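The values are calculated or read from the model by the stated rules, or taken from the named source; none is laboratory data. Keep in mind that what you see is a predicted model, and the values were worked out from it rather than measured. Cβ placement follows ideal geometry from the backbone for every residue including glycine, while neighbour counts extend to all protein chains displayed.
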Amino acid sequence: MSKPWEQIKKGNTSSFYAAIGNLFLVILKGIAAFSSGSGAMFAEAMHTGADAVNQIFVFIGSILAERKPTPRFPTGFGRLINVFCMGAVIVVTIMAYETVLEGIHLIQHPILIEKLGFTIFSLGTSMAIDGYVLSKAMREIARETRSGVKGFGLILGAVKNVKRASPPTRLVFYEDLVATFGAVLAIGAILISRFTPIKALDGFAAIIIGFLMGGVAFRVGYDNMAGLIGVSAPKEVEDDVSQIILTDPDVMDINRMRILQEGRFHHVESYIELRRGLTLAEAENIKHRIRDSLLAYDDVTDVTLGIIEDNGVKDWRPTEHTPL
């Protein structure tokens, strides 16, 4: 099998499914928005268009982020996904702004919604596709965070663990959560606007969807800005890594340790204290043994270990992480 195809297979599956689904939906919603004149339908079309562009960006970024380190880039390309996600944030922000403007215009100048049957059909299709992609994203969160949740527990597990997922999976989860809710909101607003005197509700729905898009842009942008600066790994990863080190029979303590997260990859740097009386050759063998154990841990791609003799003082204390 060719090397490019192997690289593509490593791309984020959630963003791939989301991009395929949204490319179909943006055509369907665009036709419905044009034929019905609905502001909520326009907002949904804009949201889906932004999602499609974003997820294509993110899928490409997730592929490039899997490239192996080179002499020029020795820590790898993990942060590339943060760059692509920031580009996606800009697209969402612009479309959210346009959506809010359209909503304000429709509040000032309400219109009668046409082609009701096709509009409802397109939104129902959107709910089904976005709901399916959302379920894929929740499964991806469970896999990436190794939470082990299944069935109905996926929903609560996804909400709880989404901050620990990779940047593209977080983006897909947030966007499709808003997209599914937005489709429900749009259906309600369109039906009420069509069959009651409250014609301006269609415009209000468009504004709400626009602000939800802006909220997603802010949340994802904040997360990826932290990733570009350089952020420590989640506490769960630190606990697992420290457990791997401390379970080695020759390790007495961890003097200090730093785990840097780049995309979904982790770089471990640590000084470990070994039992007294070891020869240099024995200590080197132990260091290589621990290094191999750490590299076998999912998403740890780089390990740098220093070895010192046990000082008789308990140095290791788990880091207190401040939530993003």
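Taking segment 20-41, which residues are farther than 21 Å from Lys115 by Cα and either crowded, with 24+ Cβ neighbours inside 10 Å or β-branched (Val, Ile, Thr) (or both)? Outline the logic, then answer.
Just the residues of segment 20-41 that are farther than 21 Å from Lys115 by Cα, to begin with: 20-23.
Once the filter is applied, which keeps residues that are farther than 21 Å from Lys115 by Cα and either crowded, with 24+ Cβ neighbours inside 10 Å or β-branched (Val, Ile, Thr) (or both), segment 20-41 yields Ile20, Gly21, Asn22.
For segment 88-98, the count of residues that are part of a helix (DSSP H, G or I) and among the acidic types (Asp, Glu) is at least one. Here are some residues: Phe181, Phe152. Which one is under 26 Å from Thr93 (Cβ atoms) and surrounded by fewer than 17 Cβ atoms within 10 Å (Cβ to Cβ)? Just a single option satisfies the conditions, and that option is Phe181. The single condition among (1) surrounded by 15 or more Cβ atoms within 10 Å (Cβ to Cβ); (2) at pLDDT 80 or above that Phe195 does not satisfy is (1).
Scanning segment 94-110 turns up no residue that is touching a strand residue (DSSP E or B) at 6+ places or on another chain (Cβ under 6 Å), of a type in the set (Gly, Ala, Ser), in the same structural domain as Pro167 (by TED's automatic domain parsing) and within 18 Å of Gly221 (Cα to Cα). Screening Ala217 on (1) in the same structural domain as Gly124 (by TED's automatic domain parsing); (2) more than 30 Å from Ala65 (Cα to Cα) shows it passes everything except condition (2).
Consider Glu44 carefully, then state whether it is buried (at least 24 other Cβ atoms within 10 Å of the Cβ), in a helix (DSSP H, G or I) and either more than 18 Å from the chain's Cα centre (by Cα) or not assigned by TED's automatic domain parsing to the domain that holds Ala205 (or both). Spell out the reasoning first.
Values: buried (at least 24 other Cβ atoms within 10 Å of the Cβ): yes; in a helix (DSSP H, G or I): yes; either more than 18 Å from the chain's Cα centre (by Cα) or not assigned by TED's automatic domain parsing to the domain that holds Ala205 (or both): yes.
It is true that Glu44 is buried (at least 24 other Cβ atoms within 10 Å of the Cβ), in a helix (DSSP H, G or I) and either more than 18 Å from the chain's Cα centre (by Cα) or not assigned by TED's automatic domain parsing to the domain that holds Ala205 (or both).
Name the residue, out of Ile198, Ile187, that is assigned to a loop (DSSP other than H, G, I, E, B), of a type in the set (A, V, I, L, M, F, W, C) and out of contact with any Phe, Trp or Tyr (no Cβ under 6 Å at 6 or more places or on another chain). Unique residue meeting the criteria: Ile198.
When only residues in segment 242-253 that are closer than 18 Å to Glu284 by Cβ and in contact with a helix residue (DSSP H, G or I) (Cβ under 7 Å, 6 or more places away or on another chain) count, which is surrounded by the fewest Cβ atoms within 10 Å (Cβ to Cβ)?
Filtering segment 242-253 for residues closer than 18 Å to Glu284 by Cβ gives 245, 248-252.
Remaining after also requiring in contact with a helix residue (DSSP H, G or I) (Cβ under 7 Å, 6 or more places away or on another chain): 245, 248, 250-251.
Values: Ile245: 20, Asp248: 15, Asp250: 18, Val251: 19.
Restricting to residues being closer than 18 Å to Glu284 by Cβ and in contact with a helix residue (DSSP H, G or I) (Cβ under 7 Å, 6 or more places away or on another chain), the top hit is Asp248.
Within segment 259-310, the residues that satisfy the criterion of being among the basic types (Lys, Arg) and more than 20 Å from Lys235 (Cβ to Cβ) are Arg275, Arg276, Lys287, Arg289, Arg291.
The set of residues from segment 64-95 being more than 20 Å from Met225 (Cα to Cα) and in contact (Cβ under 8 Å) with a residue 24 or more places away in the chain comprises Arg67, Pro69, Met95.
Checking each residue in segment 224-236 for being aliphatic (A, V, I, L, M) and either surrounded by fewer than 19 Cβ atoms within 10 Å (Cβ to Cβ) or touching a residue at least 60 places away in the same chain (Cβ under 8 Å) (or both) picks out Met225, Ala226, Leu228, Ile229, Val231. Just wondering, is there one or more residues in segment 267-283 that are modelled with pLDDT of 85 or more, under 39 Å from the mean Cα position of the chain (by Cα) and basic (Lys, Arg)? Checking segment 267-283: not a single residue is modelled with pLDDT of 85 or more, under 39 Å from the mean Cα position of the chain (by Cα) and basic (Lys, Arg).
Report yes if Glu236 is within 26 Å of Ala165 (Cα to Cα), in a helix (DSSP H, G or I) and out of contact with any Ser or Thr (no Cβ under 6 Å at 6 or more places or on another chain), otherwise no. So Glu236 fits the description; yes.
Scanning segment 254-277 for residues being surrounded by 19 or more Cβ atoms within 10 Å (Cβ to Cβ), within 17 Å of Ile308 (Cα to Cα) and of a type in the set (Asp, Glu) gives a total of 1.
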